[in-house]
Amino acid sequence: MGYPQLMHTALDATDCRALAEFYRQLLGLGYRPGDEPPDDDGPDDADWLVLLDPEGRRVLAFQQVAELTPSTWPDADVPMQLHLDLRVDDVAELDRHRRRAEELGARVLLDRTDSEEPLWVLADPAGHPFCLLVG
């Protein structure tokens, strides 16, 4: 008897394509066949997108919603509820990927790089918190 298997983590977004693009570029992922952006300048009405790792495994999915209240973490008004932990090999990579994330539209919520476990807490363009850490 087996156990359920995690397919992917799904994130809500008011702009499904933009958030998928942020994570596609940040993590070096690819679209599930059929989920790629339109080739022309026509409207992109995607309401569900899936990103795959290089081996074709599902990693993240994005669901279009009309409204989204971003987390106010570290204030408790709107808690994180869920966040992603993204590991890098060393402090140089940590700094490089933090800069890349900001260039892609993330914003810094917490700098804990001076601790025994260096990490940055950032918010993606939709406001979902995620951690970049040395692990």
**Request:** Would you be able to say whether some residue in segment 46-61 is in contact (Cβ under 8 Å) with a residue 60 or more places away in the chain and buried (at least 18 other Cβ atoms within 10 Å of the Cβ)?
**Result:** no
**Request:** Please work out which residue is surrounded by the fewest Cβ atoms within 10 Å (Cβ to Cβ), limiting yourself to segment 16-36 and to residues that are of a type in the set (D, E, K, R) and closer than 24 Å to Leu68 by Cα.
**Result:** Glu36
**Request:** Return only the number of the condition from (1) over 16 Å from the mean Cα position of the chain (by Cα); (2) loosely packed, with under 13 Cβ neighbours inside 10 Å that Glu93 does not satisfy.
**Result:** (2)
**Asked** Before we move on, is Leu132 under 17 Å from Leu11 (Cα atoms), touching a Leu at 6+ places or on another chain (Cβ under 6 Å) and in a strand (DSSP E or B)?
**Response** no
**Asked** What number of residues within segment 88-116 are among the small types (Gly, Ala, Ser) and over 21 Å from Glu21 (Cα atoms)?
**Response** 2
**Request:** Mind listing just one residue for me: the one in segment 1-30 that is among the aromatic types (Phe, Trp, Tyr) and in contact (Cβ under 8 Å) with a residue 60 or more places away in the chain and, of those, nearest to His83 (Cα to Cα)?
**Result:** Tyr23
**Request:** Quick one: which residue in Asp12, Asp41 is among the charged types (D, E, K, R), under 25 Å from Glu103 (Cβ atoms) and not in a strand (DSSP E or B)?
**Result:** Asp41
**Complete:** Pro33 passes all but one of the listed conditions (1) in contact (Cβ under 8 Å) with a residue 12 or more places away in the chain; (2) in a loop (DSSP other than H, G, I, E, B); (3) not acidic (Asp, Glu); the exception is number (1)
**Request:** Name the one entry in Ala46, Ala61 that is over 13 Å from the mean Cα position of the chain (by Cα) and either among the hydrophobic types (A, V, I, L, M, F, W, C) or in a helix (DSSP H, G or I) (or both).
**Result:** Ala46
**Among residues of segment 1-15, those that are more than 21 Å from Pro125 (Cα to Cα) and surrounded by 11 or more Cβ atoms within 10 Å (Cβ to Cβ), counted** = 1
**Leading residue by the ranking (farthest from Phe130 (Cα to Cα)) among those in segment 16-44 that are touching a Pro at 6+ places or on another chain (Cβ under 9 Å) and acidic (Asp, Glu)** = Asp44
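A short reminder: the numbers here are calculations on the coordinates, not readings from a lab. Please read these numbers as outputs of a predicted model, since none were measured by experiment. Note that each Cβ is placed from the backbone with ideal geometry, even for glycine, and that neighbours are counted across all protein chains shown.
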